[in-house]
Amino acid sequence: MMAAEAAVRRERRRKERAALTFPLARPEWETSLVEVADGIFWARLPMPMALDHVNVYLLRDADGWWLVDTGLNLEETRQIWESLAAKSPDGLPFKALICTHFHYDHTGLASWLMERFDVPLYMSHGEFFAMRGLGGVGNEAQRSQMQAYFRAGGFADEQSEALLAAFGRDRFMPQHPTSFRRLRDGHVLEIGGREWRLIAGEGHSPEHICLYCEQEALLIAGDQLLPEISPNILVSDVEPEADPLDGWFGSLERLRELAAETLVLPSHGQPFRGLPARIEQLQAHHHRHLEQLMAMGSHGDGFAVAEAMGVLFPRELPPTEQFLAFGETLAHLNWLSRRGLLTRELGEGGVYRYSGGKGELPALSTLG
């Protein structure tokens, strides 16, 4: 059965990719640049993990380059930035840094770039303070809160201890910047003769910023719209009753309003066209997760987050991916329980259990 399901997933991914077009070959090596459009360059920075790269973009202005995102806090990544600065097209200096959202593959070198090249940091208010407040496992109160979060979801204490230990060993955690310039939804940045409208989104992070050039139908999408994977939609211990999936569905609908021929410049994977098709694919992916959880609730005595996680993510996961999978499973359960489609009750040992509620799952077309 598992082999058959894996074959179905592979065929689905093949069809999804075939619905998109990829007009640009990826950079040949880490220090090379690919010109996306006049004055817009793409570089691909390596990451030593399952998701093995992050895309960054350089935007030419009259007196320097705006950088979009940073890569991880690694010496190798610093050396790549040094190389890119040394062979900067037109010989212009780095001028400013934009971080689309707070995750450390996008902000890990923000402090270093600001100091090394004397550039200001631009972020949304929500992302800057999420970065400042959520980085790493801190004091004992924070650890206790995370343990309670995992325990309520059905993880044994030894499982949560293993996760917390993995976070404590995280070698990528950076020193965070202490100042920024604020980006706001709907505002416009004028860079190199282009107007980039800022579009704030939710779900993957609290106030994720995309940049859209309407004149040329170009979207710097960050993690809001990726060609081959869905961004992680996660509920954390800091806001355990949150409903980020609802915010993400709404954000996808806002992106659907952009020109169908838009060239999407994502943070992972290759730039692509096929924005409407990709939005439908991502909605369908999460709709399938919701269907699976509804099916679990329709029989038996209920289930915990940890049990549902094993259904949505049926493979062995390393600690960091366990954390992401746990939080994403909870995001789907929160969405369903808020709408009465599953019922949540606090059971034995302080573990929440979910069972069938009332009503039917809304149609895919109505999720936004």
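If a residue must be over 25 Å from residue 185 (Cα atoms) and hydroxyl-bearing (Ser, Thr, Tyr), how many such residues does the stretch 76-129 contain? Final tally of qualifying residues: 3.
Note on the stretch 22-48: residues that are within 23 Å of residue 273 (Cβ to Cβ) and either small (Gly, Ala, Ser) or surrounded by 12 or more Cβ atoms within 10 Å (Cβ to Cβ) (or both) total 17. Just checking, how many residues over the stretch 26-48 are over 17 Å from residue 80 (Cα atoms) and touching a residue at least 60 places away in the same chain (Cβ under 8 Å)? The total comes to 4. For the criterion of being over 23 Å from the mean Cα position of the chain (by Cα) and either surrounded by 19 or more Cβ atoms within 10 Å (Cβ to Cβ) or within 28 Å of residue 125 (Cα to Cα) (or both), residue 95 passes. For first residues located in the stretch 161-182 and farther than 22 Å from residue 126 by Cα and in contact (Cβ under 8 Å) with a residue 12 or more places away in the chain, partners that are part of a loop (DSSP other than H, G, I, E, B) and open to solvent by less than 70 Å² (accessible area, probe 1.4 Å) and lie 6+ apart or on another chain with Cβ distances below 7 Å form the pairs 164/137; 167/136; 167/137; 168/137; 170/136.
When you go through 245, 198, 164, 189 one by one, which is the residue that is open to solvent by less than 20 Å² (accessible area, probe 1.4 Å) and more than 30 Å from residue 349 (Cα to Cα)? Of the residues listed, the single one that is open to solvent by less than 20 Å² (accessible area, probe 1.4 Å) and more than 30 Å from residue 349 (Cα to Cα) is 198. When 287, 299, 268 are checked against the criterion of being surrounded by fewer than 22 Cβ atoms within 10 Å (Cβ to Cβ) and under 19 Å from residue 40 (Cβ atoms), a single residue qualifies: 268. Scoring residue 293 on the criteria (1) of a type in the set (A, V, I, L, M); (2) open to solvent by 50 Å² or more (accessible area, probe 1.4 Å); (3) over 21 Å from the mean Cα position of the chain (by Cα) leaves a single failure, condition (2). Under the condition of being of a type in the set (Phe, Trp, Tyr) and in contact with a Lys or Arg (Cβ under 9 Å, 6 or more places away or on another chain), which residue from the stretch 33-87 is nearest to residue 268 (Cα to Cα)? Looking at residues that are of a type in the set (Phe, Trp, Tyr) and in contact with a Lys or Arg (Cβ under 9 Å, 6 or more places away or on another chain), I get 42.
You will find that of 236, 230, the residue that is open to solvent by less than 40 Å² (accessible area, probe 1.4 Å), over 27 Å from residue 365 (Cβ atoms), assigned to a loop (DSSP other than H, G, I, E, B) and in contact (Cβ under 8 Å) with a residue 24 or more places away in the chain is 236 and no other. Restricted to the stretch 302-354, and to residues there that are of a type in the set (Phe, Trp, Tyr), in contact (Cβ under 8 Å) with a residue 24 or more places away in the chain and closer than 22 Å to residue 167 by Cβ, the residue that is surrounded by the most Cβ atoms within 10 Å (Cβ to Cβ) is 326.
Taken as a whole, the structure leaves residue 73 outside the set of residues that are touching a residue at least 40 places away in the same chain (Cβ under 8 Å) and open to solvent by less than 20 Å² (accessible area, probe 1.4 Å). For residue 29, the test of being aromatic (Phe, Trp, Tyr) and over 20 Å from residue 99 (Cα atoms) is passed.
Filtering the stretch 100-129 to residues that are open to solvent by less than 10 Å² (accessible area, probe 1.4 Å) and touching a residue at least 60 places away in the same chain (Cβ under 8 Å) leaves 100, 101, 106, 107, 108, 109, 110, 121, 123, 124, 127.
Residues of the stretch 271-284 that are surrounded by 19 or more Cβ atoms within 10 Å (Cβ to Cβ) and under 25 Å from residue 67 (Cβ atoms): 271, 272, 275. The condition (being over 28 Å from residue 157 (Cβ atoms) and out of contact with any Lys or Arg (no Cβ under 8 Å at 6 or more places or on another chain)) is satisfied by just one residue among 355, 267: 267.
Scanning the stretch 35-51 for residues that are assigned to a strand (DSSP E or B) and either polar (S, T, N, Q) or over 15 Å from residue 65 (Cβ atoms) (or both) gives 44, 45, 46.
The values are calculated or read from the model by the stated rules, or taken from the named source; none is laboratory data. None of these values were measured; they are calculated from a predicted model. Don't worry about glycine lacking a Cβ; one is built from the backbone with ideal geometry, like all the others, and counts go over all protein chains shown. When the accessible area is computed, the model is the full protein with side chains, heavy atoms only, and any ligands, DNA or RNA have been set aside. Shrake-Rupley method; radii C 1.70, N 1.55, O 1.52, S 1.80 Å.
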